[in-house]
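The block underneath contains the structure these notes are about, expressed in structure tokens.
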Protein chains: 2
Amino acid sequence: MTRTIGTVEQQRIRHTVAFRLRHAAGSPGEAAFLAEAESLAAIPGVEDFEVLRQVGAKNDFAYGISMEFADQAAYDAYNGHPAHVRFVDERWLPEVAEFLEIDYAER
Amino acid sequence: MTRTIGTVEQQRIRHTVAFRLRHAAGSPGEAAFLAEAESLAAIPGVEDFEVLRQVGAKNDFAYGISMEFADQAAYDAYNGHPAHVRFVDERWLPEVAEFLEIDYAER
């Protein structure tokens, strides 16, 4: 699925981030954060958006977000979109205790 | 999607593992490992199986495997299946330098 056009890779990307909140499990703060996170789905270019529970015992993350982009340009546009920048500054940085971003593409 | 029947949670699980091999990128050993990993898709209960490249710059993993199970029982059966146990013992443990398992379910 990877096509190289000029120097830009045209490959679909699944962007995931596993995270743990500073809020207590089941708290109103947690619920408010997760509701706000859902709003990222409305940013242009975001596909297959999911807010998920992390249920494995082999890490300390409690939640995850997964979304897909048609290509790197769509991913870049999302990263720079004002709604994403605002979410990161106003909610993510103050409310997330730990996180790990993992991005996948087809081989 | 979570239903509790008795004490067993009936929830679909997306099992993912990000990893980095001891083999050099582009080496025959890497290719052989990835080909063998694909064979895990044939284990009963495994759905939506993917071997993926990790393309993000924010971690040291080079690959990932993602698969889904209809419920915890299917996941447990996979873990205990002789083909999985053999793959872990003979290929995963000697050939994988670092890995992280992250499992997701719907909220």
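Readers should treat all values here as calculations from the given coordinates under stated rules, not as data from a laboratory. Given the structure is predicted, the values throughout are model-derived calculations rather than measurements. Here the Cβ is made from the backbone with ideal geometry for all residues, glycine too, and neighbour counts use every protein chain on show.
Once region B:14-54 is represented by equal point scatterers at the alpha-carbon sites, with solvent omitted, what log10 I(q)/I(0) does the Debye formula produce at q = 0.19, 0.22, 0.29 Å⁻¹?
-0.62, -0.80, -1.14
Per residue of region A:30-42, in order, report the coupling 6.51 cos²θ - 1.76 cosθ + 1.60 (Karplus, θ = phi - 60°) as ³J(HN,Hα) in whole Hz, putting x for Gly and Pro.
Listing the rounded values in order: 4, 4, 5, 4, 5, 5, 5, 4, 4, 5, 4, 4, 7 Hz.
For region B:61-73, take each phi angle, set θ = phi - 60°, evaluate the Karplus expression 6.51 cos²θ - 1.76 cosθ + 1.60, and give the result in whole Hz per residue in order, putting x for glycine and proline.
Result, rounded to whole Hz: 7, 10, 9, x, 10, 10, 8, 10, 10, 5, 6, 4, 5.
Measuring from a point 7 Å out along Cα→Cβ, what nm distances, shortest first, does A:Ala31 have to its partners in the other copies?
5.6
So what is the 222 nm mean residue ellipticity for the protein assembly as shown from helices alone, if each DSSP H run of at least 4 adds -39500 (n - 2.57) and you divide by all residues, rounding to the nearest 500 deg cm²/dmol? Provide the component values of the computation, followed by the final result.
Working: 6 runs with 52 residues, N = 214.
About -7000 deg cm²/dmol.
Any idea what the dipole of the protein assembly as shown comes to, in debye rounded to 20, about its Cα centre with Lys/Arg Cβ at +1 and Asp/Glu Cβ at -1? Before the final figure, lay out each step's value.
Working: 20 positive and 36 negative charges, 28 e Å.
Charge dipole, the protein assembly as shown, about its Cα centre: 140 debye, nearest 20.
Counting only other residues whose beta carbon sits under 10 Å from that of A:Ala41, what net charge do I get with K and R as +1, D and E as -1? Walk me through the intermediate numbers first.
Values: positive: none; negative: A:Glu38, A:Glu47, A:Asp48, A:Glu50.
That works out to -4.
Equivalent ellipsoid semi-axes for the protein assembly as shown, as square roots of 5 times the alpha carbon gyration tensor eigenvalues: give them largest first, rounded to whole Å. Can you show the working numbers first?
On the way: eigenvalues 164, 120, 44 Å².
Each semi-axis is √(5λ); the values are 29, 24, 15 Å.
Set Lys and Arg Cβ to +1 and Asp and Glu Cβ to -1, take the dipole of the protein assembly as shown about its Cα centre, and tell me which of A:Phe19, A:Gly45, B:Ala73 lies farthest positive.
A:Phe19
Using a cut-off of under 11 Å, list every residue of region A:35-67 whose amide N is near the label point 7 Å from the Cα of B:Asp89 along the Cα-to-beta-carbon line.
Output list for this probe position: empty.
Once the label point is set 7 Å along the Cα-to-beta-carbon vector, what list of distances in nm do you get between A:Phe99 and its counterparts in the other copies?
Label point to label point, same position, other copies: 2.7 nm.
Need one number: the % of Cα-Cα pairs in region A:1-106 sitting beyond the 15 Å mark.
65
List the distances, in nm and shortest first, from the label point of B:Gln10 to the matching label points in every other copy, placing each point 7 Å from Cα along the Cα-to-Cβ direction.
4.5
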